[in-house]
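Below: one structure, written as structure tokens.
The values are calculated or read from the model by the stated rules, or taken from the named source; none is laboratory data. Quick caveat: nothing in here was measured; it's all calculated off a predicted structure. In this analysis, Cβ positions are derived from the backbone assuming ideal geometry, glycine residues included, and neighbour counts consider all displayed protein chains.
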């Protein structure tokens with residue numbers, strides 16, 4: 001606000017008043033949508049929820065944590081520890097998930113924040129230009145009378161020294177950086193919204209294509225929630241009332257699909273993942289830290305850039321690996337069924353800490369495989 005007053009005093013002209021009101025408008029709208037996304041939340045699947053028809057349970061995954069079935073388009077969030085309706089992702093900025101109830105507020109925040117930063121950037125540039133120009137003009141007027149400078153408005157009461165110039169320059173860089181970073185997130189969000197998907201569902205659709213291509217089944221997967229036009233998809237998220245349509249449990253689907261088309265595909269992918277998983281055994285201890293210093297330079301500097309957890313390993317632990325990078329793997333650690341209820345902890349771990357584990361059914365003895373240290 002101080003920079004706006006230095007460049008364009010809001011009380012003297014109509015233009016300055018409009019500029020000042022726009023700044024207030026950006027601030028109020030950005031904070032309103034930000035706190036709406038934070039405190040309204042995404043909406044959660046009711047604990048213990050089951051579909052109305054008991055036979056529909058065969059199409060759904062069961063969440064052991066929430067003790068309920070996962071409704072279509074819902075996913076369990078490890079951070080929130082609940083099954084989230086139409087989950088898009090967990091956002092650390094709002095310390096909450098982006099989902100069914102707050103998807104519109106979150107997206108509007110991503111739009112308004114860059115627009116406000118663009119306005120702020122313009123003010124910072126004009127402020128620095130105006131103050132530097134005034135200083136040069138006033139400097140010359142001390143040597144030679146400048147009639148135009150004499151008619152110029154008096155210097156603003158807000159001081160603008162070297163520290164203020166440095167602060168304005170830093171704020172300009174911050175505003176431009178925010179515009180680029182948040183603007184890119186807005187574009188990503190709008191791409192999935194205009195196809196009536198979430199970020200997770202886009203990934204599920206890509207995996208469906210890979211699965212069909214890998215097994216050459218000849219089937220086709222049609223995303224069931226795409227309404228066929230961008231405007232119809234847009235209205236599934238944004239409404240005049242601000243309240244999303246429906247209850248977050250049942251969704252309109254396109255012709256040729258039904259309510260459980262997506263969940264059936266998810267079950268197929270889960271089964272495929274179990275088939276493709278490879279059993280490994282830990283040969284080194286791993287504490288579960290994000291950047292392990294003792295596991296080699298390559299492992300340290302290639303740590304997965306993701307919020308997914310790491311799992312601690314002790315020598316002899318068994319892990320079912322489902323995917324991996326060159327120096328890291330992701331999988332489920334099989335715990336003692338008696339002491340831990342058969343729970344599997346999932347996460348990343350260094351590839352050099354494990355080796356492939358083979359089980360000889362005839363001898364009933366484990367056989368060590370080749371150590372995966374490449």
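Scan region 362-370 and give yes if some residue there is part of a strand (DSSP E or B), surrounded by fewer than 17 Cβ atoms within 10 Å (Cβ to Cβ) and at pLDDT 80 or above, otherwise no. No, that holds for no residue. Report every pair of residues separated by at least 6 positions or lying on different chains whose Cβ atoms are under 8 Å apart, first residue within region 262-285 and outside the structural domain of residue 356 (by TED's automatic domain parsing) and modelled with pLDDT under 90, second surrounded by fewer than 18 Cβ atoms within 10 Å (Cβ to Cβ) and assigned to a loop (DSSP other than H, G, I, E, B). Hits for this filter: 270/61. Are any residues in region 77-90 free of Cβ contacts under 8 Å to residues at least 60 places away in the same chain and crowded, with 18+ Cβ neighbours inside 10 Å, and if so, which ones? Passing the criteria: 77, 82, 83, 84.
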